[in-house]
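K.L.:
Here it is, the structure in full.
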Amino acid sequence: MDLLNDSNHRPFPFPSKKWIMRQTWRNLLFLHWPVSPEKLRPHIPSSLQIDTFHGSAWLGLILFVIEGIYPLGFSNVSLTPKFPEINVRTYVKYNGKPGIYFMSIDVENWASLKIAKNWYHLPYHPAKLSFRKVEQTFHCHSIRKGNNDPPVSFKGQYIPVSEVYYPKQGTLDHWLTERYCLYSSNNRGNIYCGEIHHRPWPLQKAKIEVDKNTLFTPYQLDLAQGEPIAHFSTGVDSLMWNIKKIQI
């Protein structure tokens, strides 16, 4: 796999050559808000250290389309048709290793809800999502299913507004986006780690209009006022390894 030959940017070695799945991620919107680590702490397992940049934790809202999920050995056959996903995440460390911790993932794709939720121990929620592109602008509307009042939802649009660039190591843009593992937990307190690999993110600055966003309401977090940091990416192909329990 050519992706395995492009690894100089990784902060740590591959866990092995035995990845299990390739995914294609396209037309991503990254939104980030600074948040107090103390306010975030109750929502993160105690064995995970909250990662900070210049003393601030960050809460991310990531919206994108998964265009294909390809198990090893089925390089041209996706498990599912393409589908949008919207997730809320933050950044953590375990024994000094930085990664992503997902707080919620909203999809309506059956494979993610029924398989990935249990396999990767990730907080998937069923939702009704629409995603479309009109000229150069991307429009998304997500409403989580269930008895939430008001509904947990997101509605907005975004458009790239700069040339493509690759963020330099040590910058906030790099810190927010270049992450190569995820951590998750189950209701018994076990911690899991899943390794990820892709080429560096090609980023662009983005212009956004958010009509509604209640994805953070369940956490009662007081986010900084003002516009979030917004990035767009045309996307990457990614490899994923099997998830492993790292703490019992």
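The values are calculated or read from the model by the stated rules, or taken from the named source; none is laboratory data. All values derive from a computational prediction rather than experimental measurement. Every residue, glycine among them, receives a Cβ derived from its backbone with ideal geometry; neighbour counts consider all protein chains shown.
K.L.:
Within the range 218-234, can you find the residues that are surrounded by 14 or more Cβ atoms within 10 Å (Cβ to Cβ) and either in contact with a Phe, Trp or Tyr (Cβ under 8 Å, 6 or more places away or on another chain) or in a strand (DSSP E or B) (or both)?
P.N.:
LEU223, PRO228, ILE229, ALA230, HIS231, PHE232, SER233, THR234
K.L.:
Listed residues ARG22, ARG26; which is surrounded by 15 or more Cβ atoms within 10 Å (Cβ to Cβ), assigned to a strand (DSSP E or B) and either over 17 Å from the mean Cα position of the chain (by Cα) or modelled with pLDDT under 95 (or both)?
P.N.:
Going through ARG22, ARG26 in turn, just one is surrounded by 15 or more Cβ atoms within 10 Å (Cβ to Cβ), assigned to a strand (DSSP E or B) and either over 17 Å from the mean Cα position of the chain (by Cα) or modelled with pLDDT under 95 (or both): ARG22.
K.L.:
Checking TRP119 against (1) farther than 30 Å from ILE50 by Cβ; (2) assigned to a helix (DSSP H, G or I), only one condition comes out false. Which one?
P.N.:
Of everything listed in (1) farther than 30 Å from ILE50 by Cβ; (2) assigned to a helix (DSSP H, G or I), TRP119 misses just condition (1).
K.L.:
Here's something else I'd like to know. Identify, by number, the condition in (1) in contact (Cβ under 8 Å) with a residue 40 or more places away in the chain; (2) in a loop (DSSP other than H, G, I, E, B); (3) surrounded by fewer than 18 Cβ atoms within 10 Å (Cβ to Cβ) that LEU215 doesn't meet.
P.N.:
Of (1) in contact (Cβ under 8 Å) with a residue 40 or more places away in the chain; (2) in a loop (DSSP other than H, G, I, E, B); (3) surrounded by fewer than 18 Cβ atoms within 10 Å (Cβ to Cβ), only one is false for LEU215: (3).
K.L.:
So, one more: Only one residue in LEU63, LEU48 is surrounded by 14 or more Cβ atoms within 10 Å (Cβ to Cβ), more than 22 Å from LYS168 (Cα to Cα) and in contact with a Cys (Cβ under 7 Å, 6 or more places away or on another chain), so which one is that?
P.N.:
Of the residues listed, the single one that is surrounded by 14 or more Cβ atoms within 10 Å (Cβ to Cβ), more than 22 Å from LYS168 (Cα to Cα) and in contact with a Cys (Cβ under 7 Å, 6 or more places away or on another chain) is LEU63.
K.L.:
Taking the condition outside any loop (DSSP other than H, G, I, E, B), over 17 Å from the mean Cα position of the chain (by Cα) and surrounded by 15 or more Cβ atoms within 10 Å (Cβ to Cβ), does HIS174 pass?
P.N.:
Spelling it out, it is not the case that HIS174 is outside any loop (DSSP other than H, G, I, E, B), over 17 Å from the mean Cα position of the chain (by Cα) and surrounded by 15 or more Cβ atoms within 10 Å (Cβ to Cβ).
K.L.:
Restricting to the range 58-68, count the residues that are under 22 Å from TYR101 (Cβ atoms) and touching a Ser or Thr at 6+ places or on another chain (Cβ under 6 Å).
P.N.:
So the answer is 1.
K.L.:
List pairs: first in the range 150-164 and surrounded by fewer than 16 Cβ atoms within 10 Å (Cβ to Cβ), second of a type in the set (Gly, Ala, Ser), Cβ under 7 Å, 6+ apart or cross-chain?
P.N.:
Close Cβ pairs (under 7 Å, with a partner that is of a type in the set (Gly, Ala, Ser)) amount to VAL161/ALA206.
K.L.:
I've got another one for you. Given the options ARG132, ARG188, name the one that is without any contact (Cβ under 8 Å) to a residue 12 or more places away in the chain and either part of a strand (DSSP E or B) or surrounded by 20 or more Cβ atoms within 10 Å (Cβ to Cβ) (or both).
P.N.:
Among ARG132, ARG188, only ARG132 is without any contact (Cβ under 8 Å) to a residue 12 or more places away in the chain and either part of a strand (DSSP E or B) or surrounded by 20 or more Cβ atoms within 10 Å (Cβ to Cβ) (or both).
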